[in-house]
Every structure is written in structure tokens, then in C-alpha cells.
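The values are calculated or read from the model by the stated rules, or taken from the named source; none is laboratory data. On a predicted model such as this, the values are computed, not experimentally measured, just so you know. Counting neighbours? That spans all protein chains shown, and the Cβs are built from the backbone with ideal geometry, glycine included. The protein model used for the area step is the full one, side chains on, heavy atoms only, and it has no ligands, DNA or RNA in it. Shrake-Rupley method; radii C 1.70, N 1.55, O 1.52, S 1.80 Å.
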Amino acid sequence: MVTQSYDLLVIGGGIHGAAVARDAAGRGLKVMLAEKGDYACATSSASSKLIHGGLRYLEQLELSLVRESLVERAGLLKTAPHLVEPIRFLLPIYGWQKRPAILLHAGLSLYDLLSIGDGLPPSGRLKPQEITELPRLRRENLNAVLHYHDCQTDDARLVLAVLLDARARGADILNRRAVTAIEPLANGYAVEMDERGVKNRVDARFIVNAAGPFVAEIDAMSSIAPPPRHLRLVRGSHIVLKMPEPAEADAYTLQDTEDRVIFVLPWLDRRFLIVGTTEVPQESDAGTAACSLQEQAYLLDAYNRYFAGPGGPVSDKDVVWSFAGIRALQGDHGKKPSRLTRRPALASIRNGTGGFVTLYGGKLTTHRAFADTVLDAMRDLGARMGGSWTQDVPLYGGCETRAGLLSLVAQGPTSLSRETCHRWAFAYGDQIERLYANVLRDPSLAREIAPGVPLAELVHAVEVEDAMTAEDFLLRRTKLHLLLDRRGRDAVATWFSTNK
């Protein structure tokens, strides 16, 4: 059994583990991140794909959380322009709804005030003529349609961009490496790991447990871990529909019949709609999260309450995919899941000159700020490191503007389609030049394994982004599982099975 020594071991390859690893590596610490599955294979790839302030948190008076989120939203527009894009949201107001237009308009005005300086358009109200041009939105008892801006992202690729940035700064980033035992040492911990059947050991002065819904299992492996906190596992499910004709560029924020909101989001170049999310207790194993039939029916009902198409109401047969993630939130069982705070929290304990920090909750949007807080906690436990540095520093692939990326699309090798170059630009960012260079150096890499999937992309996914299976590539490195037909997906699976 080989033993390696690190200043910090991060357990969990979701967005918060990735952010802590990146921040720590940039402060000069020797860092390892271990993920038992694939990067972002759980909650961090099952979000609503939004970088947003959290408009509904204003109603809960979480003004500081909203402000922090909006500051981070502005930062991500600059540091990950290939992955974070502004999108207009429409907020229809009907007579039957709980919240009147005047209340929501006031909330949007406050949202504008809290986000001042980010360059996004202010909120407002659609004119009657603009409302008549909206396809499918029901007009009965419609009082007004408000609008505001937030941002959309590819959550799994955002995690990957953070991880690859951490690796570029010296961190060891590893997937398919499960932690199986944690033994306290005089000044830190000895951690046993299983890498696809091969055992090894890591000694680390500090552990950060960023395992999301699995944090309690990791804490339980050590006799010196932070005291457990009451954890609520809440499932959020989404359904995906084909985009009706005519396609829409706007997203919608819908009020349900209680006090929640549901998003309807154009996705993948307006080919699909995401409808979500739910908030229900996860009673079974968090690793088996899936959208239930009841949740699917709830989301379909919400969509049909607001929209009417020429083909009639959407139904189960219109759902092309569904996904679910588990949020690990603090709170007692007396509160509704929708009322539990999304503000992240941590617990820590010292162990000699080392220590153990466990993370709870958090939002995709505020991952960078939360990592800064985690590193502050490590400093309080005795870690010696550099100061904060991540504010406004581009992520991996993020050194080119969206306009610049469009220019790079036009500069692609003639052996690649413009459609492929465009998809690459807004997945890989400035790293598209690396893919281009590979194709120019070896023209055979332009050969398509499946429609729109050159060999160069598969090789890049394996060699640079640690993809090990067709699912890694089709679901998380890309979203081609929805864009390819069965034959195309099978061709990618065959390539992975013969090129391990």
C-alpha cells in the first residue's frame, strides 16, 4: 500500500469540493481531491442550471444571501463567460395567485438594487402588445407579466472548470477513488482509499468533507470528526420536454398553488425545456435519487396550468428525460423543505496541528465565496497558507469573452462543422484552441465517431477531463445523450469499451 502525504484531502467532487480544492491549491497547500464516482455525478449535475440570486429568498428576508449570490453571479459572468449566460425570465401574474403584482414588482425592484453594477438589464413589465406575442402562455385572468434577468449555466461543466483550474494550480484531482476508512493521527489523519479495487493510503493534516448528502457517512468513519448536525435530505427533481414550436428564448418563473416557484427554462440551444424543481424529503438512499411519478405529475400539472399548446396538455409521453438531485440542508423536521435556508454552513474540529471540516448545504452560485469561508476555518484550526485570491480570477477555459469565442468558432479547421465548433466554444471556452491544434496536428482526429462528435473530443475527454465511461462523456462532459439518437449513443459507448 503506497502512502502519500498532503496538507489537505478534499472528499467529494461536486461544486463545493472543487471550489475548496481550487482555492487551497492557489494558496500554496498540497491538495488532493477524491471523488468516489465521477465528478459532479450527483447533486452538482442535477441542479436547475441557474446562476442566480434566488429571488424567492427575498420573501424569507435572506437579504445577505441574495446579495452575496448576486455578487457571485456578476463574478461568474466575468470568470466563466463560456459557461454562464444571461437569460430573461418572465413572471406571469394571475388573479388566482397568492402574491399580487405590486408585491412581486417591489421584490424585483429590490433585486435590481441588490444586483446594481452587474451590467444586466433592469426588471420591468411587459407591454400588452408584447404579451400578445408570447406563444402558449394562457391569457385567462392574466393581470401582468413582469420580467427580470438571471443567468444559466452547464452545472457539470462548471464543476469541471473549477476542478481543472485546481489541477492547473498543482492539486491532485481524482475520480473513482472512494474513501473507505479514516484514522486519526497525532496531527491529522490517515485515510484509506479504494481506486477501482486497488487500495492506497493518504496522510493529510486536514480533511474537508464535501460529500453533500453523504457527509454523515464520511464523518462516521473517524473518531475525531466534527459533531454531527441535524441534516435534512431534500430531493429536487426536474423533467425535460422537447421545445414546442415556435421556440422561445425566455425562461419563466411560475408560482405554484402554494408558496413555491417552478422554473421553465430553454435548454441546449432551445431544443428542450427544463421544468423544475420539486422539494420533497428523500426517504431512501441518497444514491438512488430519481424523479418519482408523483413529482413528474406535479411538474406537468404546473406547466399545463400556465401554458396551452395546439396539441393539448403535455403528458407523460412528452417527457424525454428526468433527473433528480439531493440537497443536504440543515433544519428541523417542523419546517417545509422550501423554507429551509440555502445558506451554507460548516462544522470543524481540531486534531493536533490538523483538523476536520464538514460542509453543509450551499448553492451552485456561491461556491467560490463558500470555499473562501472554508479556508478561513482551516486557518483558524492552524493551517498556514496564502490569502484570498479567487475573486475575479478566470476559471479553466474562461479567459475569452463570449464575443471572442464566437470569433474562434469561425477560425476552426475546415474538417470540423461550424455546429461542432460552436458547441465546443461554449463547453471548453478558450481550450477550444487546444482541440483545434490537436486536429490540425493529426487530421484523423476530425473523424466523427457519431454525428457531430469528432474523435478529438473523445480523446480530450479521456486524457484531459478524466472521462472513463460513455455516461461520463454523454451526460456530464457534454449533454449529447439528449442530442444523439440511439445509434450515436451506442457508437460512443462502443468507443469507450474498446479504448479503455
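Every residue, every condition in (1) within 19 Å of the chain's Cα centre (by Cα); (2) open to solvent by less than 70 Å² (accessible area, probe 1.4 Å); (3) not charged (D, E, K, R), yes or no:
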| position | (1), (2), (3) |
| --- | --- |
| LEU103 | no, no, yes |
| LEU108 | no, yes, yes |
| VAL159 | yes, yes, yes |
| ALA166 | yes, yes, yes |
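Name the pairs: first residue in segment 437-460 and farther than 21 Å from LEU475 by Cα, second residue of a type outside the set (A, V, I, L, M), Cβ to Cβ under 6 Å, at least 6 apart or on different chains?
VAL439/PRO413; LEU440/PRO413; LEU445/ASN438; ALA446/SER415; ALA446/PRO454
Here's a check for you: in segment 235-255, which residue that is under 24 Å from the mean Cα position of the chain (by Cα) and in a loop (DSSP other than H, G, I, E, B) is nearest to LEU104 (Cα to Cα)?
In this case the residue turns out to be ASP250.
Is it the case that some residue within segment 204-211 is touching a helix residue (DSSP H, G or I) at 6+ places or on another chain (Cβ under 6 Å), open to solvent by 30 Å² or more (accessible area, probe 1.4 Å) and either modelled with pLDDT of 95 or more or more than 30 Å from LYS317 (Cβ to Cβ) (or both)?
Checked segment 204-211: no residue is touching a helix residue (DSSP H, G or I) at 6+ places or on another chain (Cβ under 6 Å), open to solvent by 30 Å² or more (accessible area, probe 1.4 Å) and either modelled with pLDDT of 95 or more or more than 30 Å from LYS317 (Cβ to Cβ) (or both).
Within segment 66-76, is there a residue that is touching a residue at least 24 places away in the same chain (Cβ under 8 Å) and at positive phi?
Within segment 66-76, not a single residue is touching a residue at least 24 places away in the same chain (Cβ under 8 Å) and at positive phi.
Only one of LEU77, LEU70, LEU90, LEU58 is closer than 25 Å to ARG402 by Cβ, surrounded by 18 or more Cβ atoms within 10 Å (Cβ to Cβ) and more than 19 Å from the chain's Cα centre (by Cα). Can you tell me which?
LEU90
Just to be sure I understand, how many residues within segment 212-245 are under 22 Å from THR277 (Cβ atoms), among the small types (Gly, Ala, Ser) and open to solvent by 50 Å² or more (accessible area, probe 1.4 Å)?
0
Just the residues that are modelled with pLDDT under 95, polar (S, T, N, Q) and part of a loop (DSSP other than H, G, I, E, B), please, taken from segment 112-151.
Passing the criteria: SER115, ASN141.
Can you tell me which residue within segment 26-44, out of those that are open to solvent by 10 Å² or more (accessible area, probe 1.4 Å) and among the hydrophobic types (A, V, I, L, M, F, W, C), is nearest to HIS238 (Cα to Cα)?
ALA42
Only one residue in THR365, THR341 is open to solvent by less than 10 Å² (accessible area, probe 1.4 Å) and either modelled with pLDDT under 90 or not in a helix (DSSP H, G or I) (or both), so which one is that?
THR365
This table checks each residue for (1) under 13 Å from ARG235 (Cβ atoms); (2) open to solvent by less than 10 Å² (accessible area, probe 1.4 Å); (3) among the small types (Gly, Ala, Ser).
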site: LEU265; (1), (2), (3): no, yes, no
site: ARG271; (1), (2), (3): no, no, no
site: ILE274; (1), (2), (3): no, yes, no
site: THR278; (1), (2), (3): yes, yes, no
site: PRO281; (1), (2), (3): yes, no, no
site: ASP285; (1), (2), (3): yes, no, no
site: CYS291; (1), (2), (3): yes, no, no
site: GLN294; (1), (2), (3): yes, no, no
site: ALA297; (1), (2), (3): no, no, yes
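Since ARG232 meets every condition but one in (1) touching a strand residue (DSSP E or B) at 6+ places or on another chain (Cβ under 6 Å); (2) under 30 Å from ARG350 (Cβ atoms); (3) in a helix (DSSP H, G or I); (4) of a type in the set (D, E, K, R), which condition does it not meet?
Going through the list (1) touching a strand residue (DSSP E or B) at 6+ places or on another chain (Cβ under 6 Å); (2) under 30 Å from ARG350 (Cβ atoms); (3) in a helix (DSSP H, G or I); (4) of a type in the set (D, E, K, R), ARG232 breaks only (3).
Just the residues that are surrounded by fewer than 20 Cβ atoms within 10 Å (Cβ to Cβ) and out of contact with any strand residue (DSSP E or B) (no Cβ under 7 Å at 6 or more places or on another chain), please, taken from segment 137-157.
ARG139, GLU140
Against the conditions (1) under 25 Å from GLU279 (Cβ atoms); (2) open to solvent by less than 10 Å² (accessible area, probe 1.4 Å); (3) among the small types (Gly, Ala, Ser), where does SER64 fall short? Just the number, please.
So SER64 meets the others, but not (2).
Would it be correct to say that LEU254 is at pLDDT 90 or above, open to solvent by less than 30 Å² (accessible area, probe 1.4 Å) and within 22 Å of LEU126 (Cα to Cα)?
yes
Restricting attention to segment 177-191, report how many residues are surrounded by fewer than 19 Cβ atoms within 10 Å (Cβ to Cβ) and assigned to a loop (DSSP other than H, G, I, E, B).
2
Restricting the search to segment 199-229, which residues are under 17 Å from HIS16 (Cβ atoms) and either out of contact with any strand residue (DSSP E or B) (no Cβ under 9 Å at 6 or more places or on another chain) or assigned to a strand (DSSP E or B) (or both)?
Correct list: PHE206, ILE207, VAL208, ASN209, GLU217.
Give segment 1-25 a look and list any residue that's open to solvent by 40 Å² or more (accessible area, probe 1.4 Å) and under 18 Å from ASN187 (Cα atoms), or say none.
Within segment 1-25, THR3, GLN4, SER5, ASP7 meet the criteria.
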